[in-house]
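Every read-out reported here was derived from the displayed coordinates using simple, explicitly stated rules and does not represent laboratory data. Not measured: the values here are computed from a predicted model. Positions of Cβ are backbone-derived with ideal geometry, glycine not excepted, and every protein chain shown enters the neighbour counts.
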Amino acid sequence: MPKPPKISDAEWEVMNVLWQSSPLTASDVVNDVGSRMQWHPKTVKTLLARLVRKGALRYRQEGNRYLYTPVHPRERHVEAESRSFIERVFGGSATPALVHFVDAMTLSDEDVDELRQVLERKQKEDRRR
């Protein structure tokens, strides 16, 4: 499956609504995003059309309304954005990126335990390869 297209911050707002629940009509998306972000309905509909053109959304017509559904799950977009960010900002190296975020953020004991578990699991998986 091809990688998901790059989407803008405004497009993320629309996609997040559709990842939570889909398919949705344009009116459903306008009601959610428009009221929360205080955007004009035409702005939201423009974003929907742009996301369809980019291949991030698909739609099907039901009577006189269109139902929108994401093409890729949210996780695929997060992975692509993360890789792009690490490539641009940290020269493609994950370790400096992870160290930066761990140092820059306030982490609870639970957060630290979860990170430790993830790193241990990753280490075991990589040893098996």
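Summary of computed values
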item	result
Spatially proximal lysines relative to residue 45 (Cα-Cα < 28 Å; intrachain offsets below 8 disregarded)	3, 6, 54
Positive-pole candidate from 17, 51, 115, dipole of the chain, charges at beta carbon	51
Alpha carbon convex hull of the chain, volume per residue in cubic angstrom	162
Pairwise label distance in nanometres, residue 116 with residue 9, each label 7 Å out on the Cα-Cβ vector	3.6
Whole-angstrom gap from region 58-77 to region 16-32, using each part's C-alpha centre	9
Cα-based Rg of region 31-103 normalised by 2.2 N^0.38 Å, two decimals	1.54
Hz values of 3J(HN,Hα) by residue in region 123-129 - Karplus curve (6.51, -1.76, 1.60), Gly and Pro given as x	4, 5, 4, 5, 5, 6, 7
Normalised convex hull volume, region 9-70, alpha-carbon set, Å³ per residue	71
